[in-house]
Amino acid sequence: LGSWAVTEWKYDVNLEELWKCACDAFSSTSFSPEERGAYYIRTYEEELNADIEKIPEEERERYISKYKEWVQILFNKHSRIMSAMITGPARFPSRRNEKMNNYDNAVNEFRTWREKALKVISRKIEDAKPKEQKAEEEWTRLKRSIYSSASTIKGINDGTERGYNKALFVSSIYGKVETYTKRGDVIIVEKAIAYVRELNKQSSIITERHKFFKLAEMAKAVCEAQEVRSNKEDTEILFEGGRVIKNYSEDRVQIVFDTKPQPDVISNLKHNGFRWSPRFSAWQRQLTNNAYYAVSRVVPITV
């Protein structure tokens, strides 16, 4: 058929510059390195283009660059793997091949990087949404969940759903709305209560005697307590190597280290309920009396 020439690429973002690298990657493990290389190129291109569809324009260039860098690393590592069927069994360097073959570890590292990168980008997208949009999306998810449980409860009432425990589905609705109550989200809690009352007109979902209908009052109390805390000034306590912050506005006790703590310290932080916050560059947990005791178990300080 003569020489082939590429006239058009399937994807706007492609890995054409890694074609030779992909072929070399399978030269010692496949009788058809070009076919194997083409398969992996296509697979990575599909994944990359699917990823960038979800990524904002300003984040794409950096993600694409890092993704390509990882793919090249994987191809380079795979090129060091040899197969006796391809190279021939005579004097095959088995030990050297085993030593050089850390390809699987590299694949796992790549997958871990991709998962973390997409999570960070997703979090940025979520944080950038207007407050009203986030509230509406939260309510839509909650409403859908309530409707799902309520539909099963209605079926139990009608006798069309057998073998289910109604109390469990009532508890599920209560638990989900209680989560917003603890956040002091009065608007969503009131919407949820009103929605359940509407559903009650069709079938008894949750009786008015249930504590569910007191959640609005509890949410208002939480909201008032949050306002009191937000008016408090944050306090800091220094210790050798860092500082502890009582962040009242965020309802968090935070530990900020001057340098990255040792692995045993990080393990102790996690054991005591602290989680790393990239936003504040601090280890933090909810601001409670138990959190104060936890701080004293992690750093040499009395909070």
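The values are calculated or read from the model by the stated rules, or taken from the named source; none is laboratory data. The structure presented is a predicted model; accordingly, all values stated were derived computationally and were not measured. Cβ: placed from backbone, ideal geometry, glycine included. Neighbour counts: every protein chain shown. Please note that ligands, DNA and RNA were not included when accessible areas were found on the heavy atoms of the full protein model with its side chains. Shrake-Rupley method; radii C 1.70, N 1.55, O 1.52, S 1.80 Å.
Values for this structure:
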quantity	calculated
Surrounding net charge for S281, when Lys and Arg each add one and Asp and Glu each subtract one, Cβ distance under 14 Å	+3
Entry for semi-axes √(5λ) of the Cα gyration tensor in Å (calculated from the structure that is shown) out of [x] 30, 21, 16; [y] 51, 32, 20; [z] 31, 27, 25	[y]
Whole-Å distance, taken between Cα centres, linking segment 216-253 and segment 106-158	27 Å
Difference of contour (0.36 nm per residue) and Cα-Cα distance, N102 to K134	7.2 nm
Qualifying chymotrypsin sites (Phe, Trp or Tyr not before Pro) for segment 98-187 [loop in DSSP, other Cβ within 10 Å: at most 16]	Y164
R123 accessible area, assembled protein chains, probe 1.4 Å, Å²	120 Å²
Relative packing of 32-40, 67-75, which averages over residues the other C-beta atoms within 10 Å, highest first	67-75, 32-40
Accessible solvent surface per residue of segment 236-303, calculated while the other protein chains remain in place, 1.4 angstrom probe, Å²	61 Å²
Charge tally in the Cβ shell below 12 Å around E178, where Lys, Arg are +1 and Asp, Glu are -1, E178 excluded	+4
Where labels lie 7 Å past Cα in the beta-carbon direction, separation of D258 and R197 in nm	5.9 nm
In degrees, nearest ten, helix 215-230 long axis to first principal axis of the chain (Cα)	70 degrees
Hits among lysines - C-alpha to C-alpha of K129 under 16 Å, sequence gap 8 or more where chains match	K54, K119
Point-to-point label distance, T179-R141, nm (Cα→Cβ direction, 7 Å offset)	0.7 nm
Qualifying lysines (Cα of each under 18 Å from Cα of K232; at least 8 residues distant if same chain)	K246
Pairs from K134/K191; K66/K134; K143/K211; K124/K214; K20/K124 whose Cα-Cα separation, in the structure shown, is over 26 Å	K66/K134; K124/K214; K20/K124
For peptides 202-209, 229-236, sequence by mean Cβ density within 10 Å, most packed first	202-209, 229-236
Nearest 10 degrees, 0 to 90: helix 33-52 Cα axis against the chain principal axis	20 degrees
Furthest towards positive pole of dipole, V265, Y39, N105, structure part the chain, Cβ charges	V265
Full-extension gain in nm, A167 to Q286, via 0.36 nm per residue minus C-alpha separation	39.8 nm
S204-R62 FRET efficiency (beta carbon distance; Förster radius 51 Å; 0.05 resolution)	0.40
Between helix 186-200 and the chain: long-axis angle, C-alpha atoms, 0 to 90°, nearest 10	80 degrees
Net lengthening on full extension, D158/F31 (0.36 nm per residue, minus Cα-Cα)	39.2 nm
Span from the segment 29-46 Cα centroid across to the segment 163-212 one, whole angstrom	54 Å
The chain, dipole about Cα centre (Lys/Arg Cβ +1, Asp/Glu Cβ -1), debye to the nearest 20	1140 debye
Accessible area, probe 1.4 Å, largest first, for residues H78, H210, H271	H271, H210, H78
